[in-house]
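To start, the structure under review is shown below, and the notes come after it.
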Amino acid sequence: PGDNRLAAEVAATAYLGGTAAYQLAAGPLRLQAINTIEGRVFRDGEAVELAIAPADCVLLDSEGRRIA
């Protein structure tokens, strides 16, 4: 409850030992998610849903510097 949710598709996956870095496409947004591998790895082209807690969000200016 309270999480922001986005439907996305896995565009690319990179394996980093015990974690996987996913490049995700959510409409016009391009996102990266890093997740611990715990038995399930998402595949390129697979539909996923992202849950982003408001406390995990930060604002960035146009140059990528943290605002708040």
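Every number in this text was worked out from the coordinates using simple rules, so none of it is lab data. Note that the structure is predicted; figures quoted are calculated from it, not measured. No Cβ is skipped: glycine too gets one built from the backbone with ideal geometry, and neighbour counts run over all protein chains shown.
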Dipole magnitude of the chain, debye to nearest 20 (Cβ charges: Lys/Arg +1, Asp/Glu -1, about Cα centre): 80 debye
Over 15 Å [Cα-Cα, region 24-68], rounded percent: 62 percent
